[in-house]
Every structure is written in C-alpha cells, then in structure tokens.
C-alpha cells in the first residue's frame, strides 16, 4: 500500500477547491493545480501553496496521487492528453465509470464526495461521505487511508452503486434546490421576502436527519386536502410550468399516502 | 389593547402542541386544551398543566385568547359550534381566510407560524416567522405583543399574502420532503443507506440561508449535461412516476438556466 503525501489537483472548480483545501489543511502537499483557465488555477494554487499551470504537458510527475476534478464532459478529452503510466489517478465524478481511466495508467480509482460544493464557501469534510472505488485492493487501501484523513464517513462503492447514489442525490439536492427557487420566485413576484421561508427550509432538512422522509411530509397533498390543492392550482394557473410541477408532485404524494383513492 | 395571559388551545395536533408548549414555557397560563380526541387533549393538557375536554360545550370562558389549531377542513364545523361572543379568537391556518371567524366573535385574527411541526419534537419559536392578521388595530396590537413573547420574527400579513406564503411553503418544504422520500426509495430499493444523503440534504438547505437558490443549484440539469440526464432517465424508466418527476423538473431547470436552447 502506497502512502499518499503529494497530490496534483486537475481542475479548479468547486470540487477541486474544496478537496485541495481539505487535504492542504491536513498537512498534505498540494504540488500543483492544473486548469485550462490559468486564472482559476492560480487562485486555487495560491491558497494551498502549490505551483500551477494551464498546460497538461507541464504536469508535475512527482506526486503520489492525481485527482481529476473537472466536469464529466471534460474527462474523456483530458485523459486522452494525460500519460501518467503507473501513477495513481482518480476522478471525482458521481456518474463516470471508473474504467474510463484504464488507458491513462494502471493504477486508478474514484474518489467521489457525496456533497454539493461552492467555491465561495469551503466546507469541512468530517461528515461528508467519501465514496471510494479502485482497480486493485492495494489502490483501494491507499485511497481509503487517504479518505479517512479528512472524513469519518468513508465507503467502498462500486461504479453501479455510485450511479444510483448520484441519481438519488439529484432528487434530494438539485431538485429540492429547485423547489426553493420556485418558492423564491412566487414570493418575490408578490413582493414578499424569501427570508420568511428560510427557517422552514432548514427545519425540513433537519427533520429527515432523524426521521424517515415519509414521516416528515406535511401539507395539503399529504392530508389529501383537495380543496386547498385546487385553490393552489388555480393560483398557479397563470404559470403552466409551475402548475405542472405542483400537480405532478401533489398527485404523487397523494398516490403514495392514499393509494386506494386513485 | 388587551394583554393576553390565559389561553385556550383548540386542537391537539402538531401545531397545537408546539404553540401550547411555547406559550407555557414563557409563563402563559394554558387554561384548557379542547380536542375531539380526548386522549390527545389529555396528553397535551398534562404537559402544560391545563384542563382538557372533548366537548365544545365545556369550553372554559375565562381565557383572553382562543387558538384554533385544527385541520383546515375541520374549521367550519368547529366554529359553527363555538359561541365566544366578544372573546379574541385566532386560527393558525396558512390557507383559510381570516373572515371565516366573523360569525363566532367580534374580535378575531390569524396567528400563522410559517414552519413545519411534529408532535415528537417540540421546537423553539425564536426564529420562526409568525404571521399576524386581525380584524381591528387593537386586536392586531394584542396579537403582535403576544407573538413577540415567543418569536423575534413577527410579521403583519394579509389573508392574500398568507395564501401566497403557504403555496411557496408547499414547494419549499412539502415538495422538498417528497424529493427526500424519492431519494430514500431509490437508495433502499438498491440496498444503499439513506444516511449517505443526510449531510448533502442539510448542506443544500444551509446554502440558501445565505445565497439565492439560483446560485446554489448544481447537478446535470443545471449544467445542461444531456448525456447524464438521459442515463438517469433510462435508469428510472422502470418507474414511470419517478421518471415523470425527474423529467419535468430537469426540463424546467434547463429552461430556467438555458432559455434559448428550447
């Protein structure tokens, strides 16, 4: 098992920034940040005392681990340009299969943090699930050891399981964010402040930390309160997109909790 | 302006329980809990040193305020049975207009806490928006004074505004809860633990406490990553309901962020 000490980060987006800072803060050496956008590479590199470049040909070959944290669509082209031979290389994608790395190196894996990141707010990894996959037991052991340095929640997850986790994360995170966005639109369109909803949003997320989602849902569809649903749908009729979303989700909640009524 | 000291709670569900305990903890006297289900009335009454009854004819007429915290659909029948003359009466509904109380008393209003409640976990009201409406300036002043005893976020809100707040709360809370439920179903159907998503869910809600929802959304639809969306939709094809929800929301996110592409 190889002990990982020196890391090259490829990418300078929100995942790259959060991972680089997490490892840097734990005493790892970030040798280099590579990004197609030099300014982004520089900004991240300076915060973790690394060198930086926008040319893959200038990649530093002295690292123990190369972390590819770029958009899914950019991975194939990127790895076609990298030749890292026997180096350990991981990507951080929820969707891309591990074996995409097979032609770049003979030591590879996945290091997928199940979380939503921003560049503007670097977060602590202690409770973030880190999903690990590797092409050999030795590489798996190295990546697990590394992951445990920053998180108390390290899981070995296959590419197939990771895809399922990612789909469920789209519902739990991306789609709930979009529900917040719709709520904010309805409020601001009516000269009301989104601030009014913030304690409710936080509490709704806190509830499912301890209870099953099915036990936390409230509201008109959960109560099968047809007259309130109709009133809401009448209100939303001027915006067919919102009406459709309201209707589809309410109908599904009713089906879930009152299966015999439909 | 009437100073409110003694309160009768009508209802013993989650809103009734949370309000009764909040006032009790601040030194108010809960005179009585009335509920059609005697056991529920008793359980709540015992926790706030109140008497209890399941008969509206036994209502204690010595209170300064009567809080109706029952399901929306139960309000009309309930108020047809109550004759409280000049007593101050409020309901706690997000949807029902204030004037439904007009025939029960000549002092009435609304006391709507914009939050999702459980009986199993009584919560602190300090940051919960309390939406107040009243039929006279005097009653409004009494209710504002009362509300400020338990919350730092008291707002005067018309029946029309309250309806809009309620619709937006359905999206922000009920529908995001349903997104959590779908995520949990996908995971458990595939022998993965919902625990994996909990930090992500909490973080997603935390992000919009400081940033606009539009700035927090991530994921395939936000990136307009058609190939990942297609892959997810293929995976969900076996469950037409989930597929429809995934499709409708993803399409709307794409429309929102890439309006010229459609």
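So the values come out like this:
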| quantity | calculated |
| --- | --- |
| Antiparallel %, DSSP beta bridges [both residues in the protein assembly as shown], to 5 | 20 |
| Position residue B:77, label points 7 Å along Cα→Cβ, spacing to each other copy in nm (shortest first, one decimal) | 6.6 |
| Simple label model, 7 Å out from Cα along Cβ direction - residue B:215 to residue B:102, nm | 4.5 |
| Cα long-axis angle, helix B:159-169 against chain B (0 to 90 degrees, to the nearest 10) | 40 |
| Prolate/oblate/rounded label for segment B:6-157 (Cα gyration tensor, a/c 1.5) | rounded |
| Nearest 10 degrees, 0 to 90: helix B:226-236 Cα axis against chain B principal axis | 70 |
| FRET efficiency for residue A:145 and residue B:61, using Cβ-Cβ distance with R0 set to 56 Å, rounded to 0.05 | 0.20 |
| Value of Rg/Rh across chain A [Cα atoms, Kirkwood radius] | 1.07 |
| Residue B:243 paired with residue A:71, simple spin-label distance in nm, labels 7 Å along Cα-to-beta-carbon | 2.8 |
| Cα gyration tensor, segment A:186-259 - rounded (a/c under 1.5), prolate or oblate | oblate |
| Relative counts (whole %) of C-alpha pair distances in segment B:97-175, using bins that are 5 Å wide | 3, 15, 22, 22, 20, 12, 5, 0 |
| Ascending list, in nanometres, of distances separating the residue A:251 label from those of the other copies (7 Å, Cα toward Cβ) | 1.2 |
| Nm distances between copies for residue A:26, ranked from closest, using label points 7 Å along Cα→Cβ | 4.6 |
| DSSP beta bridge pairing in segment A:6-157, given as percent antiparallel to the nearest 5 | 20 |
| Cα-derived Rg to Rh of the protein assembly as shown, Kirkwood definition | 1.06 |
| Sites residue A:156 and residue A:127 - FRET efficiency at Förster radius 22 Å, r taken between beta-carbons, to 0.05 | 0.75 |
| For segment A:48-124, the fraction of alpha-carbon pairs in successive 5 Å shells from zero, as % | 3, 13, 24, 25, 19, 12, 3, 0 |
| Per-selection Kirkwood Rh - segment A:76-221 (Cα, Å, 1 d.p.) | 18.0 |
| Spin-label model distance (nm) - residue B:26 vs residue B:195, 7 Å beyond Cα toward Cβ | 3.9 |
| Candidates A:115, A:209, A:32: whichever shows maximal mean-square fluctuation once chain A is modelled as a Gaussian network with Cα springs under 10 Å | A:209 |
| Calculated [θ] (222 nm, deg cm²/dmol) that DSSP helices of n ≥ 4 give over chain A, each run adding -39,500 (n - 2.57) | -13500 deg cm²/dmol |
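Read-outs throughout are calculated quantities, based only on the coordinates presented, and are distinct from any laboratory measurement. All values reported here derive from a predicted model rather than from experimental measurement. Note: ideal-geometry Cβ built from the backbone for every residue, glycine included; neighbour counts use all protein chains shown.
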